[in-house]
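Rule-based calculations on the coordinates, nothing more; no lab input. All figures in this text were calculated on a predicted structure; none of them were measured in a lab. When we count neighbours, we look across all protein chains shown, and the Cβ atoms used for this are built from the backbone with ideal geometry, even at glycine.
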Amino acid sequence: MPDKYIARSSAIAARMLGGEMMIMSAVDSTFFTLNETATLIWQAADGTTPLAKIIAEKVCSEYDIDLQTAAADVEHFVEELSKHGILIASDTPIPQKTASGAAR
Amino acid sequence: MNPFTHATATNSVAIEIGGTAILLESDDPGFHAMVKAKYPGFLAAESHDSCSLRFDVEVLGEGELTEDEDVHVWREFDRWYARRGDFRAEFDLQSGTGRIRQELNPFALNSILRIVHTIYLASRGGFLLHAASAIRNGSAFVFSGVSGAGKTTISRCAPDDAVLLSDEISYMTKNSGQYGAWGTPFAGELGQPGSNCTAPVAKFFFLEKGPQNHIEDVSRAEATRMLLRNILFFCDDERLVRQVFDSAYDFLEHVPVYRLMFVPDTTVWNFVEEFDIACPTNT
């Protein structure tokens, strides 16, 4: 399977509240609350770290879950957020200018 | 800097909501009559110096705008545009000027005012909110909820000593680190405008009708989600979304927020008052 890369979109507003990441899409005003695991992936979405490495290091090592199950869950998560323009997914590393440091 | 340098025209009328006056200039006597009838408690001095925005208004004849069109708001650089089947509006907050073309109906002007104030407030940390609100004992109590949550019901139950600010849309501003609620002319099912006055927000409640009066805490995450759902939002402009999101976050940092389940009768107001005394707000 080819490497996949994910980056936080710059078209969002985000805040960490009580351990939950709250994200609002500036594209369609959709509002998301990320749980602890999803927040870890979100924070690791720097556009340059392969998604497989994020899953292995941030999900499998932190939680008692096998790589295959974790990968399926994360794929679904990425697909959902990508649909709303909150995450950008690509088969190649994503330049810094499209990634975001907007999460506060 | 005040953008107006010329003398006040006699064909102008000013509407002040939330302490922000908007001057409307039109040659159409029907427009003036409509404004004066629709916003009696919200008319301001027709002075360019005291108005934050000025609009040239062109009243269109029936049938000139025939499109059956939902409201659409967008920004091009620093100029905002809004259109609906019965109006067209554009304005620039930098220059403080704009233009309105509308049919002679109060619903068009009401919508334009809500849009303009929403955008004007966004950069100032305020927002318009689907909420009933009232002043009691010098403090504002805000009751927010979607349609059917009980905004009009709780307004109808308000005691005589409560000053009703709105049963539908409340105007929230931030001043010197403190949030205030203002009355608006935007009425819900109650059919009457609010009082044009303000007070610091003591408590904010998300409304639910229930079998008994009950107040409980709301997590910050849930409060943010519900607050954002009830803030008036007309477009998906990125800058505006960020401003509103930040305002909602800041509001919840400063104002105590609860869920209020209430029985639709007058007991809810005493219940809220007793709760406010038992849990005083630090301002």
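For region B:225-267, residues that are part of a helix (DSSP H, G or I) and under 20 Å from residue B:124 (Cβ atoms) total 20. Of the residues B:210, B:188, the single one that is of a type in the set (Gly, Ala, Ser), under 16 Å from residue B:150 (Cα atoms) and out of contact with any helix residue (DSSP H, G or I) (no Cβ under 9 Å at 6 or more places or on another chain) is B:210. Residue B:183 meets all of the listed conditions (1) crowded, with 17+ Cβ neighbours inside 10 Å; (2) over 14 Å from the mean Cα position of the chain (by Cα); (3) not acidic (Asp, Glu) but one, namely (2). Considering each residue of region A:62-83 in turn, at least one proves to be surrounded by 21 or more Cβ atoms within 10 Å (Cβ to Cβ), within 26 Å of residue B:250 (Cβ to Cβ) and away from chain B (no Cβ under 14 Å). Here the strands (runs of 3 or more DSSP E) wholly within region A:1-63 that include at least 1 residues being within 12 Å of the chain's Cα centre (by Cα) and basic (Lys, Arg) are A:5-8. Scanning region B:208-224 for residues that are more than 8 Å from chain A (Cβ to nearest Cβ) and assigned to a loop (DSSP other than H, G, I, E, B) gives B:210, B:211, B:212, B:213, B:218.
So in region B:240-258, with the set limited to residues that are more than 8 Å from chain A (Cβ to nearest Cβ) and surrounded by fewer than 21 Cβ atoms within 10 Å (Cβ to Cβ), which one is nearest to the chain's Cα centre (by Cα)? Here the answer is B:243. Being touching a strand residue (DSSP E or B) at 6+ places or on another chain (Cβ under 7 Å), in a helix (DSSP H, G or I) and either more than 8 Å from chain A (Cβ to nearest Cβ) or on the phi > 0 side of the Ramachandran plot (or both) is a description that does not apply to residue B:199.
Restricting the search to region B:48-85, which residues are in contact with a Phe, Trp or Tyr (Cβ under 9 Å, 6 or more places away or on another chain), in a loop (DSSP other than H, G, I, E, B) and among the hydroxyl-bearing types (Ser, Thr, Tyr)? Scanning region B:48-85 gives a single hit, B:52.
Looking at region B:153-166, is at least one residue within 14 Å of another protein chain (Cβ to nearest Cβ) and either closer than 28 Å to residue A:17 by Cβ or surrounded by 21 or more Cβ atoms within 10 Å (Cβ to Cβ) (or both)? No, the conditions are met nowhere in region B:153-166. The set of residues in region A:23-35 being out of contact with any Phe, Trp or Tyr (no Cβ under 7 Å at 6 or more places or on another chain) and facing chain B (nearest Cβ under 7 Å) consists of A:26, A:27, A:28, A:31, A:33.
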